[in-house]
Amino acid sequence: MANSAWTEKILQLLRRMNNFYLLGSSRANCFRFEINEAQVGWIPPRVASLLTQFPEVFSPPHGGAVSLHHSLDSYGKKSEAVDAVLQTMRQERSLNCLKGWRDEKYSVMSKFSDPPLMWMERAATSLFGVRRNGVHINGYTVSDGGEVSMWLARRSPTKQTYPGLLDNMAAGGLAAGVDIRHTMVKECLEEACIPAAIAEKARPVTTVSYTYEVEDGVCAESQFVFDLKLPLGFKPRVGDGEVQEFYLLPIEKVKELLATEDFKPNCAMVVLDFLIRHSFIDPDTEPCYQELVAGLHQTI
């Protein structure tokens, strides 16, 4: 693929993954989701209308915002009251995202450095546009001659989302109350059978952040990225069944695959970031270098 065609494909990917902030998006019509007067997300009009059925939990939209009822004055009360609403909405089956209920709790806060204000079921986060945090691990090798290759995973065909697409070597959501490095080591072991003694050598290198629209709401995500240089003779193995196969590919082949429909979109962004940080994309030869970098680190 010619360089200009590759670049245009990647720019299309970045625009798609940041489309909530483009002209013509639903952002202008969304309500701010506020807790204790701090904005923690965005609620689409359709969802805000459904929430008016639960006045003991959600205050009516006011001043462009939806907030929790003032009686919900603790982390536990907020979490349990909202979860009860979501369980009711789940039974009504009017929202497709709730059909993928995972029984995973995600922390809700304005900034990652802030104390969590409540927890929320992972499948419901897009209804409120609250930030979802995750951990992604780039596994790579360096040959004796200095050639870099990357381990990629192909997702199981039974995965709930993006079945059968290429993925990072290991990745997972950051559950409420669990720290980042613990999640990284756990995902390496569970998905790729990488022993903790090897996984613990991974280095935290950056975050990749983006916000995009989906059918039932807004996905605001930030991924903590680790690089893990693996021994040449080591091979990841299928663990918990979320992956069907692993591939070790030359960097040029990985770069080529990024511009296809074969990659899970946010994982393609994580790999793109790796290529930039390791100088496989150069500002002297890539005229859109700044746009590529900016598209990976959008403010949520």
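The values are calculated or read from the model by the stated rules, or taken from the named source; none is laboratory data. Note that the coordinates shown come from a computational prediction; the quantities given were computed from them, not determined experimentally. Quick reminder, even Gly has a Cβ in these numbers, built from the backbone with ideal geometry, and neighbours come from all protein chains shown.
Here V66 meets the list (1) surrounded by 19 or more Cβ atoms within 10 Å (Cβ to Cβ); (2) closer than 14 Å to V218 by Cα almost entirely, failing just condition (2). Here E213 passes the criteria (1) in contact with a helix residue (DSSP H, G or I) (Cβ under 9 Å, 6 or more places away or on another chain); (2) farther than 21 Å from M120 by Cβ; (3) of a type in the set (D, E, K, R) except the one numbered (2).
Conditions tested, residue by residue: (1) touching an Asp or Glu at 6+ places or on another chain (Cβ under 6 Å); (2) free of Cβ contacts under 8 Å to residues at least 12 places away in the same chain; (3) small (G, A, S); (4) crowded, with 19+ Cβ neighbours inside 10 Å.
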| site | (1), (2), (3), (4) |
| --- | --- |
| E200 | no, no, no, no |
| G217 | no, no, yes, yes |
| G241 | no, no, yes, no |
| E245 | no, no, no, no |
| E252 | no, yes, no, no |
| E256 | no, no, no, no |
| C267 | yes, no, no, yes |
| I276 | no, no, no, no |
| L292 | no, no, no, yes |
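When we screen A197, A220 for residues that are modelled with pLDDT of 95 or more, small (G, A, S) and under 22 Å from the mean Cα position of the chain (by Cα), the only hit is A220. When you check P287 against the structure, is it farther than 30 Å from F33 by Cβ, of a type outside the set (A, V, I, L, M, F, W, C) and either without any contact (Cβ under 8 Å) to a residue 24 or more places away in the chain or in the same structural domain as C219 (by TED's automatic domain parsing) (or both), yes or no? When the stated conditions are applied, P287 passes them. Scanning the stretch 17-66 for residues that are charged (D, E, K, R) and under 21 Å from Y106 (Cα atoms) turns up R32, E34, E37.
The set of residues in the stretch 133-160 that are closer than 25 Å to K253 by Cβ, of a type in the set (S, T, N, Q) and outside any strand (DSSP E or B) comprises S143, S156. Return yes or no: is V47 in the same structural domain as M120 (by TED's automatic domain parsing), outside any helix (DSSP H, G or I) and within 19 Å of E213 (Cα to Cα)? No. For the stretch 76-121, taking the residues that are of a type in the set (K, R) and either outside the structural domain of R32 (by TED's automatic domain parsing) or part of a helix (DSSP H, G or I) (or both), the one that is farthest from V47 (Cα to Cα) is identified as K77. Just one of the listed residues (E213, E261, E221) is surrounded by fewer than 20 Cβ atoms within 10 Å (Cβ to Cβ) and either within 21 Å of A170 (Cα to Cα) or of a type outside the set (S, T, Y) (or both), and it is E261.
Taking the stretch 110-123 as the range and being of a type in the set (D, E, K, R) and surrounded by 19 or more Cβ atoms within 10 Å (Cβ to Cβ) as the test, the residues that pass are E121, R122.
Among residues of the stretch 82-109 being modelled with pLDDT of 95 or more and of a type in the set (G, A, S), the one that is surrounded by the most Cβ atoms within 10 Å (Cβ to Cβ) is S107. Restricting attention to the stretch 9-46, and to residues there that are among the aliphatic types (A, V, I, L, M) and more than 30 Å from S71 (Cα to Cα), which single residue is surrounded by the fewest Cβ atoms within 10 Å (Cβ to Cβ)? The extreme case among them is L23. Here is a check on your reading of the model: is S74 buried (at least 18 other Cβ atoms within 10 Å of the Cβ) and of a type in the set (S, T, N, Q)? Taking the combined requirement at face value, the residue does not satisfy it. Only one entry of F33, F58 meets the criterion of being closer than 15 Å to M120 by Cβ and over 26 Å from the mean Cα position of the chain (by Cα), and that entry is F58. If you go through the stretch 149-171 and keep only what is touching an Asp or Glu at 6+ places or on another chain (Cβ under 6 Å) and at pLDDT below 95, you end up with just S156.
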